[in-house]
Every structure is written in C-alpha cells, then in structure tokens.
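The values are calculated or read from the model by the stated rules, or taken from the named source; none is laboratory data. Keep in mind that what you see is a predicted model, and the values were worked out from it rather than measured. Quick reminder, even Gly has a Cβ in these numbers, built from the backbone with ideal geometry, and neighbours come from all protein chains shown.
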Amino acid sequence: MNESRFAELKEKEKQARKQIVIESALALFAKKPFYEVGMREVADEAGISPATIYRYFPSQEELFNEAFIQEISSASEGFKKMVDNEDPVSIQDFAIKFVDHLIENETTFQMMAYLMLKDNLAYPVKGQFDSVTKIFFDLFALLLERHGMAPEKARVFSHSFVASITGILMTFRNNPSKDSESARDHIIKIVQITSSLYSYHLLGK
C-alpha cells in the first residue's frame, strides 16, 4: 500500500516538473518564434540543467508537440460551446473564430504548421498530434450535421474545411504587400467566400 502511494506521489511530482518545462517553453515562445527556441534555453527558463530536460522530453519535437496539445486542447473548449449551443453558430462565424484564434496565437499556428509539414513524425508525437487535430475535424463535422448535412458526408467535408482554412492562412498570413491588419482583412474575405460554399451550395442555405 505504501509503495503504491509512493509511486503515485512520484508520478505526480514528475508530471508537475514536466508541466513546468512546458510552461517555460510557452513563455519563451511568446517572446520569439518557437523554432528559434532551443532545449538549453527552455532548461534555463525552467531552472533545470539541459541534461535533466531530456528526462521529460527525449526530443525537441516532443516538447513542441506537448506545448501545442495544451494550447489547442484549451482553445477547443470554446469552439465546442459554439457548436453545442441550442442555436449552433453559423459556419462562417465558426471559420472566422478559428482563423482569428490562429492569427492571435501565432506560436500555436507555427507549431501546427510545423507538425503538419514535418516528415516522419516520431512515435508517440504523430498519434498525439492526430488526436488533437481530430478534435476540430469532429467539431466541424458535428456543426455540419447540426446544420442539416448527412453524417456520412459531414466527415469528408470537415476535412475539406479544416484543410481549406489552414491553407488560406498559410498562403496569406505573411503577405509582403500588406500590413498585419490588411492581411487579416484579406484572409477573412477569402474565409467568408469559402464558408459560403458550405452554407449555400452544400447545405442548400
């Protein structure tokens, strides 16, 4: 019994230290692009040795993934409420909210793009990343169903939607001919056009 309690306490302490590392990484990501942050910097921020950080995260990629998972999982709660409302949010409003969240949380978007484009994601990073992105596929599929789309069609259209929105953002986020506000306005216009394809052509509304 005592051994079991000791093991449980030890595991809680390990998770607490791991969380400190993640929070230290996120604090650094708020100051500069995540891909410029090294493991040694995170260790310094967390107050541990560079060697110790690898006890919790065997690779930089795994640390990035854990940080991304925490950020996007927290954000997904707000989107879930939008879908679960008695009167669900419109497709356009959901899309704009999704884009604005990624624009306002540049680090989250950078990490998502990195993990999407990275070849040969190591286990268990790939499985964790897939499970988190699935949250948004599921949410939009449910939103489509609540607006009248048959469940068997909603899944593939949700994939199309998320891929389209993230693609628009990747294409126009850093437009050299526009300042950040103008770039955002342009992105929103394209997102509104894209959303209308689902609202009017696919759903007949």
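Here are a few things to note about the model shown:
- Considering V156, V162, the condition of being crowded, with 16+ Cβ neighbours inside 10 Å and in the same structural domain as E104 (by TED's automatic domain parsing) is satisfied by V162 alone.
- The helices (runs of 4 or more DSSP H) located wholly in the stretch 1-89 that include 1 or more residues which are at pLDDT below 85 occupy 2-29, 60-84.
- Tally of residues being over 12 Å from the mean Cα position of the chain (by Cα), modelled with pLDDT under 85 and assigned to a helix (DSSP H, G or I) across the stretch 124-156: 3
Listed here are the residues, each with its yes/no results for (1) exposed (fewer than 13 other Cβ atoms within 10 Å of the Cβ); (2) among the aromatic types (F, W, Y); (3) in contact with a helix residue (DSSP H, G or I) (Cβ under 8 Å, 6 or more places away or on another chain); (4) in the same structural domain as K134 (by TED's automatic domain parsing).
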position: K10; (1), (2), (3), (4): yes, no, no, no
position: F29; (1), (2), (3), (4): no, yes, yes, no
position: E36; (1), (2), (3), (4): yes, no, no, no
position: E66; (1), (2), (3), (4): no, no, yes, yes
position: S73; (1), (2), (3), (4): yes, no, yes, yes
position: E77; (1), (2), (3), (4): yes, no, no, yes
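- First in the stretch 133-146 and assigned by TED's automatic domain parsing to the domain that holds L115, second anywhere and among the aromatic types (F, W, Y) and modelled with pLDDT under 85, Cβ under 8 Å, 6 or more apart: L144/Y198
- Of all residues making up the stretch 109-119, the number that are without any contact (Cβ under 8 Å) to a residue 24 or more places away in the chain and within 16 Å of I168 (Cα to Cα): 1
- Output for the stretch 90-105, where each listed residue is at pLDDT 85 or above and not in a helix (DSSP H, G or I): S90
- Filter result (of a type in the set (S, T, N, Q) and without any contact (Cβ under 8 Å) to a residue 12 or more places away in the chain) within the stretch 81-108: N85
- Residue within the stretch 181-201 that is outside any helix (DSSP H, G or I) and either free of Cβ contacts under 8 Å to residues at least 40 places away in the same chain or among the basic types (K, R) (or both) present: no
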